[in-house]
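Note sheet for the following structure.
Bear in mind these aren't lab numbers, they're just calculated from the coordinates by the rules spelled out. These numbers come from a predicted model, not from an experiment. Glycine gets a Cβ as well: all are built from the backbone with ideal geometry, and neighbour counts include every protein chain shown.
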Amino acid sequence: MNISRKDFRSRSRFLAVALTLLAAGALGLRAQTDPQNAAAPSPAALNQDVQSLQRLVSQLQSQLDQLTQANERLQKQILSPQDIKNLVDASVQNALAKNRADTGKDIDQASEKLHTQILAEVSAQIKELASQTDAQLKKLAVAIGDRQAVTPVSTPPPPRTPLPPDTKIIPYTVKSGDTLEKISGQFKVKKEDILAANQIADPNKLRAGQLIGIPQKDGAALPAPAPGK
């Protein structure tokens, strides 16, 4: 229970009065118990009793002052319920703020670590994909080179000289054993003219039974048929 300084002083005055009354009662009791000595108390005895009471009251007053000061110090140290609540709230807020800061720091560190790990994995995958692509391109280049080396390049036929306007085409059936040179010699016609008249690209592809045209100038004599033919 808190006691104010004013209450202490009021109680000290009450205590001084009580002590005075107690002293007076003690004198009365002494008069009753010792009527001979109490009938005429000496001034020295009364003065001594008063001084004793004053010293006692002074001691009590000093003790009351000390108690009052101690009470004031204690009141300053004792917190009110609102102060205690505010102190607890502040402590909780500080703890929560520190926890949030530590948690945020941990999250940032974990996020940075994960980001670095993902970058490393993606970089490794890109390098692997680039290596595989390069190997496939090399294989494709080798395959294309081999195909170009194996595939023969067809030589276009030489340009043919156009036939004269007065040229007459005589049909002829290629016989077994005929060649372009033989037919050319038989009909006295250039090989180039026979090829041009029949649009033949490869003279080696003549076959027996094939019908071709032999160019002859208008009015030229036909060759005699071969013996036995």
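Under a point spin-label approximation (7 Å from Cα along Cα-to-Cβ), what is the Ala110-Glu181 distance to one decimal in nm?
In this crude spin-label approximation the distance works out to 9.4 nm.
For Asp178, list long-range residues whose amide hydrogen, built 1.01 Å from N in the peptide plane, is under 5 Å from its own amide hydrogen.
Here nothing satisfies the definition.
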